[in-house]
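Here's the structure we're looking at; comments come further down.
We did not get these values from a lab; they are worked out from the coordinates using the rules stated. Remember, it's a predicted structure, so these values are computed and weren't measured experimentally. Note that each Cβ is placed from the backbone with ideal geometry, even for glycine, and that neighbours are counted across all protein chains shown.
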Amino acid sequence: MDNYCFELITGPMSCGKTEELLRRVRRCIIAKKKVIVISPDVDTRAGGDYIESRNGLWLEAVKVKHAVQILSIVKDAQIVAIDELQFFDKNIVPVITKLMNDGKKVIGTGLELDFKAEPFGSMPELMCIATQVDKLHAVCMKCGCENATRTQRLIDGKPADKSSPLIMIGGDETYEARCIKCYELPDVKHKAKFMGLKLLQFNNSK
Ligand SMILES: [Zn+2]
């Protein structure tokens, strides 16, 4: 009971969150703790029942669709590792609180911002209830600086528009880490509205 904690590892894409999670989990395994690794069912990066970091490390993981299901599968595990927390429904906050109340050590990862640079899912609440938050930075894929904090969405190699749907069908959609200076979010709709307004003002002034 006294050993409860919630370590949250966050940052943009490609900053090594999963790699860090796996490093901490491996230490727990060496310490002979009972560990369970969980990942959301929506994560498409890993095809099977495992989580994998970009440098090729991996661990078996239980895929879970709804946050509440976590409570029934942890059983007597002392360490609960959860990858990609941003994809879980909002019940993830009371679920992790319950795990802490039960004396578990929770280690989680999650993207803090989505491609629009807005807080992702329940990450703000999770950062508040965490007993430790580690923010990792990535290398900017455009300028090479080591301060990348944003996740850039690219569609067919070009920065995605703000109004592009969260789930893309067709098109070559990729993501890369970028710093604040190199991050781009075109907003065609807003620009059109602004242009229309200008035109209206121009017509009225005649
Ligand atoms: Zn940059």
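Of note:
- Neighbours of residue 25, meaning other residues whose beta-carbon lies under 12 angstrom from its beta-carbon, give a summed charge of +2 when Lys and Arg score +1 and Asp and Glu score -1.
- What you get for the chain, charging only the Cβ of Lys and Arg (+1) and of Asp and Glu (-1), is a dipole of about 440 debye around the Cα centre.
- Within the chain, DSSP assigns beta bridges of which about 35% are antiparallel (rounded to the nearest 5).
- Net charge of neighbours whose Cβ lies under 12 Å from the Cβ of residue 149, counting Lys and Arg as +1 and Asp and Glu as -1: +2
- Sorted largest first, extent of segment 6-155 alpha carbons per principal axis (Å): 47, 30, 28
- Cβ-based net charge around residue 8, under 13 Å, with every Lys or Arg adding one and every Asp or Glu removing one: -3
- Order of 30, 73, 79 - criterion: other Cβ atoms within 10 Å of each residue's Cβ, fewest first: 30, 73, 79
- With both residues required to sit in segment 1-109, DSSP beta bridges show an antiparallel share near 15%.
- The label-point distance for residue 72 and residue 175, in a model that sets each label 7 Å from Cα toward Cβ, rounds to 2.9 nm.
- Contour excess over end-to-end distance, with Cα ends at residue 23 and residue 129 and 0.36 nm allotted per residue: 35.9 nm
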